[in-house]
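Here is the structure we will look at, set down as structure tokens.
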Amino acid sequence: MRFSVFFISLLFSVFAFAQSHNEAYGVDATNGSLAIEEAIQKLDFKIYPNPMTGVYLNIYSRRSEVKNIIIFNVLGEAVFEKETLENRIILQNLKTGIYLVKLIQGNHMGLKRLLIP
């Protein structure tokens, strides 16, 4: 049990470290030439309630673009995906555990931990 808690903490620490470095670049080779894509910027957002109670999760961001929300389990599997302009999503089928919420808006991306007791 202690090892699994340590492993989960380590996993989220790695995600947090990657998130703390504001910029990441991609390469687009679809047209036969290499081009550097626009830098990904850090997105600051809030999720609540956390730990989550009920079926609603509120996601607040100061940005107004469409929210691309992806929720991962501790194995890195996407268990929920949605694009929305709303600040609230319904999560009915998530089991007790620790999840990672990834929010992308435009060229901004952020990560948060979510606990479901």
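For residue 16, indicate whether it is modelled with pLDDT under 95, hydrophobic (A, V, I, L, M, F, W, C) and exposed (fewer than 14 other Cβ atoms within 10 Å of the Cβ). Answer is yes for this residue.
To keep it simple, each residue is scored yes or no on (1) surrounded by fewer than 18 Cβ atoms within 10 Å (Cβ to Cβ); (2) within 13 Å of residue 45 (Cβ to Cβ); (3) in contact (Cβ under 8 Å) with a residue 40 or more places away in the chain.
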residue: 67; (1), (2), (3): no, yes, no
residue: 71; (1), (2), (3): no, no, yes
residue: 79; (1), (2), (3): yes, no, no
residue: 87; (1), (2), (3): yes, yes, no
residue: 92; (1), (2), (3): yes, no, no
residue: 103; (1), (2), (3): no, yes, yes
residue: 110; (1), (2), (3): no, yes, yes
residue: 113; (1), (2), (3): yes, yes, yes
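So residue 44 fits all but one of (1) closer than 27 Å to residue 97 by Cβ; (2) modelled with pLDDT under 55; (3) charged (D, E, K, R); what number is the exception? For residue 44, the exception is condition (2).
Is it the case that residue 48 is exposed (fewer than 14 other Cβ atoms within 10 Å of the Cβ), out of contact with any helix residue (DSSP H, G or I) (no Cβ under 8 Å at 6 or more places or on another chain) and without any contact (Cβ under 8 Å) to a residue 24 or more places away in the chain? For residue 48, the condition - exposed (fewer than 14 other Cβ atoms within 10 Å of the Cβ), out of contact with any helix residue (DSSP H, G or I) (no Cβ under 8 Å at 6 or more places or on another chain) and without any contact (Cβ under 8 Å) to a residue 24 or more places away in the chain - is met.
The values are calculated or read from the model by the stated rules, or taken from the named source; none is laboratory data. Because the structure is a prediction, the values reported are computed rather than measured. Don't worry about glycine lacking a Cβ; one is built from the backbone with ideal geometry, like all the others, and counts go over all protein chains shown.
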